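Student: There's a structure below that I have some questions on.
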Amino acid sequence: SVLVEFDEFLALVEVPQSEARALAVIERARELQPDTPLRYVVNTHHHFDHSAGIRAAVSEGLTVVTHEANRSFFEDIVARQHSIVQDALARHPQPLTMETVTGDEMYELSDGSRTLQIYRIVDDPHCDAIVMAYLPRERILIEADAYSPTSREAPFAEVLLRNLEDRRLRVDTIVPLHGGVSRLEDLESAVRKASGLPN
């Protein structure tokens, strides 16, 4: 998870893996900035390791931001009953509030102090409805599964790089949700290596 701080609110990118982890991440975000309300969770895509905390986030009143193609999936999982072993949402029912990235258009969270732009990663074979988050002033990209610098293979790196170039996003730092922080040069090197070109 990545916490993005605005003057007026906070936004988490991803509440992954489980309810326990999601609730711990939400609690920690609120501890770090107790005077700023946590309002949003940006979900990159519906795969379980990135969406397992969505019911917990909804139970905490967070607005889910994701691609429109994921809407019915999240509506379904939030509507399901947890009656034998109640989870956080069953114990604290809240309606699903969702805002979506439409098609290939850019979605933006901003309060004047900071801007977070959210884009679909076009033609990503890993997931057709995957999004990335970009902080234009800071030139930071937050992404999941498109490029993992600690992985020996980078099968989707070329698609990610092409999306950055096509959208003319000026990226210095990449914050992958799998692996450590890296630089744009690392992504470019991974693409060259995957293409069999010399670094």
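Student: How high is the FRET efficiency between Val181 and Asp104 when r is their beta carbon distance and R₀ equals 41 Å, given to the nearest 0.05?
Tutor: Efficiency, from the Cβ-Cβ distance: 0.95.
Student: Mind pulling the angle between the C-alpha long axis of helix 19-32 and the longest principal axis of the chain? Nearest 10 degrees, somewhere in 0 to 90.
Tutor: 80 degrees
Student: How many nm separate the modelled label positions at His47 and Ile84, each set 7 Å beyond the Cα in the direction of the Cβ?
Tutor: Taking the simple label geometry, His47 and Ile84 are separated by 2.8 nm.
Student: Moving to a separate point now. Among His45, His92, His178, which one shows the biggest mean-square fluctuation in a GNM of the chain, springs joining Cα atoms closer than 10 Å?
Tutor: His92
Student: In the Gaussian network model of the chain, springs joining C-alpha atoms below 10 Å, which of Leu32, Leu141, Leu161 carries the largest mean-square fluctuation?
Tutor: Maximum among the listed residues: Leu32.
Student: Let me ask something else. Diagonalise the Cα gyration tensor of the stretch 69-124 and give the resulting equivalent ellipsoid semi-axes, square root of 5 times each eigenvalue, largest first, whole Å.
Tutor: Sorted largest first and rounded, they come to 30, 16, 8 Å.
Student: If you average the sequence gap of Cα pairs under 8 Å that are 6 or more apart and divide by the length of the chain, what percent do you get for the contact order?
Tutor: Contact order relative to length: 15 percent.
Student: Rounded, prolate or oblate: pick one for the stretch 29-132, where a ≥ b ≥ c are the square roots of the eigenvalues of its C-alpha gyration tensor, a/c under 1.5 means rounded, and failing that, prolate if a/b is larger than b/c, else oblate.
Tutor: Note, shape of the stretch 29-132 comes out oblate.
Student: Can I ask one more? Apply the Karplus curve 6.51 cos²θ - 1.76 cosθ + 1.60, θ = phi - 60°, to the phi angles in the stretch 4-13 and return the couplings in whole Hz, x for Gly and Pro.
Tutor: 10, 9, 10, 5, 9, 7, 10, 9, 9, 9
Student: Here is a further query. Quantify, in whole percent, the carbon and sulfur part of the accessible surface of the stretch 1-160 (1.4 Å probe; protein heavy atoms only).
Tutor: Of the solvent-accessible surface of the stretch 1-160, carbon and sulfur hold 46 percent.
Student: Under a 10 Å cutoff between Cα atoms, tell me which one of Ile121, Ile140, Ile84 has the largest fluctuation in the Gaussian network model of the chain.
Tutor: Between Ile121, Ile140, Ile84, it is Ile84 that shows the largest mean-square fluctuation.
Student: With a bin width of 5 angstrom, please list the P(r) values of the stretch 104-199 as percents of all Cα-Cα pairs, from the 0 bin to the one holding the largest distance.
Tutor: Per 5 Å bin, starting at zero, the Cα-Cα P(r) for the stretch 104-199 comes out as 2, 14, 25, 27, 18, 8, 3, 1, 0 percent.
Student: Next up: Quick one: accessible area per residue over the chain, 1.4 Å probe, rounded to a whole number of Å²?
Tutor: 50 Å²
Student: Direction-averaged shadow area of the convex hull around the Cα atoms of the chain, nm²?
Tutor: Orientation-averaged projected area of the Cα hull: 11.3 nm².
Student: Something else now. Would you tally the net charge around Leu164, using a Cβ to Cβ cut-off of less than 12 Å, leaving Leu164 out, and scoring K and R as +1, D and E as -1?
Tutor: The answer is -1.
The values are calculated or read from the model by the stated rules, or taken from the named source; none is laboratory data. Keep in mind it's a predicted model, so treat the numbers as computed, not measured. Glycine also receives a Cβ, built like all others from the backbone with ideal geometry; neighbour counts cover every protein chain displayed. These area figures cover heavy atoms from the full protein model, side chains too; ligands, DNA and RNA do not enter into them. Shrake-Rupley method; radii C 1.70, N 1.55, O 1.52, S 1.80 Å.
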